[in-house]
1. If you place +1 on the Cβ of every Lys and Arg and -1 on the Cβ of every Asp and Glu, how big does the dipole about the Cα centre of the stretch A:4-123 come out, in debye to the nearest 20?
2. What distance in nm lies between label points placed 7 Å from Cα along the C-beta direction at residue A:116 and residue B:5?
3. May I ask you to derive the relative contact order of the stretch A:4-123, considering only C-alpha pairs under 8 Å and at least 6 residues apart, and to give it as an integer percent?
4. Count neighbours as other Cβ atoms within 10 Å of each site's Cβ, and list the chymotrypsin sites (Phe, Trp or Tyr not before Pro) in the stretch A:23-124 that are DSSP loop with at most 16 such neighbours.
5. How far is it, in nm, from the label point at residue B:82 to the one at residue B:129 when both lie 7 Å from their Cα along the line to the Cβ?
6. So which cysteines in chain B don't have a second cysteine's C-beta under 4.7 Å from them?
7. Please average, across the residues of B:88-99, the number of beta carbons from any other chain that are within 10 Å of each residue's own beta carbon, and give a whole number.
8. How would you classify chain B from its alpha-carbon gyration tensor, with a ≥ b ≥ c the square roots of the eigenvalues: rounded for a/c under 1.5, else prolate if a/b is greater than b/c, otherwise oblate?
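Coordinate-derived values only; no laboratory data. Given the structure is predicted, the values throughout are model-derived calculations rather than measurements. Neighbour counts run over all protein chains shown; Cβ positions are idealised from the backbone, glycine included.
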Amino acid sequence: MSKSLMIVDDSATMRKIIMRTVRMSGLEFERTEEAGNGVEALEKLSSAPVDVILCDINMPEMGGPEVVKKVRELPACADTKIIMVSTESSQELIDGLISDGANGYITKPFTPEKFQEKLSPLLN
Amino acid sequence: MIEEKCFSAALLDGAKEVFETMVFMDLEESGESAPQIEGDSLLGSITFSNALEGCLAVRCSMSCAKIVAANMLGLEPTDEISDEEIGDAIGEITNMVMGSVKSRATSEAAELQVSIPTVVRGQNMANSLGEGAGKVVVTTSPDEEHVIEFSFLYRRSGS
């Protein structure tokens, strides 16, 4: 079954780095999308939901925590897995995100192995 | 001071982790004969507040920054990389080093609120927090030609 991925990060360079790292992890996606912030992500998701979202936390206009809440309100994204990718490592923040509907968390800096470890169970 | 030693170790270890993981380069602390950062350079800065306030900065030459960006993107340094991408890469490095310092240093550091990084380009740039501020500087060499300077300036909030 083909899988689709969206990377949400306000840094275009970081989006490329994440994409590269996902490829290096061996994970394959038939369709990939990018968004520079939460507003852009939701606009794209409303017409074309994805299987996995890799989402930064600190972004302009709409940050990661709000993205999680809004995505969980979209019926079309009921099965979408959301993995937060950020330098923030506060356990309180992570617990809050999971409680709001995120499926996991990857801290920056990251390795391809970390993406494999976090995403493989969610994709199978 | 114990506190400065703690921040120095956290800064060096954090920088090494980020570079090893994301830039695929091994950083070594520079010796006294290391070259200076001269000419056109980038300064990535991120400020923090809470029990401590201050800033962490990453400074290197443009040519070094290009190598860093190329490695992060999986490109060759001779490939076309825009100044925006190079600046973006240094900003992300600054952000990640700050995250690593937060997780490694004192319990106070773990609670620091951090800003979004900014990157400026120029010559002979430096951050300053005024008299009495603590200052930790770690100079590293990713290769024989280049130097990357990490600095951590701080003071107790309200002091």
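1. That gives a dipole near 300 debye.
2. Spacing of the two 7 Å Cα→Cβ label points: 4.0 nm.
3. Result for the stretch A:4-123 is 26 percent.
4. Taking the stretch A:23-124 and a limit of 16 other Cβ atoms within 10 Å, no loop chymotrypsin sites (Phe, Trp or Tyr not before Pro) are found.
5. Label-label distance for residue B:82 and residue B:129, simple model: 3.4 nm.
6. Lone cysteines by the Cβ rule: B:6, B:55.
7. Shielding by partners across B:88-99 averages 4.
8. prolate
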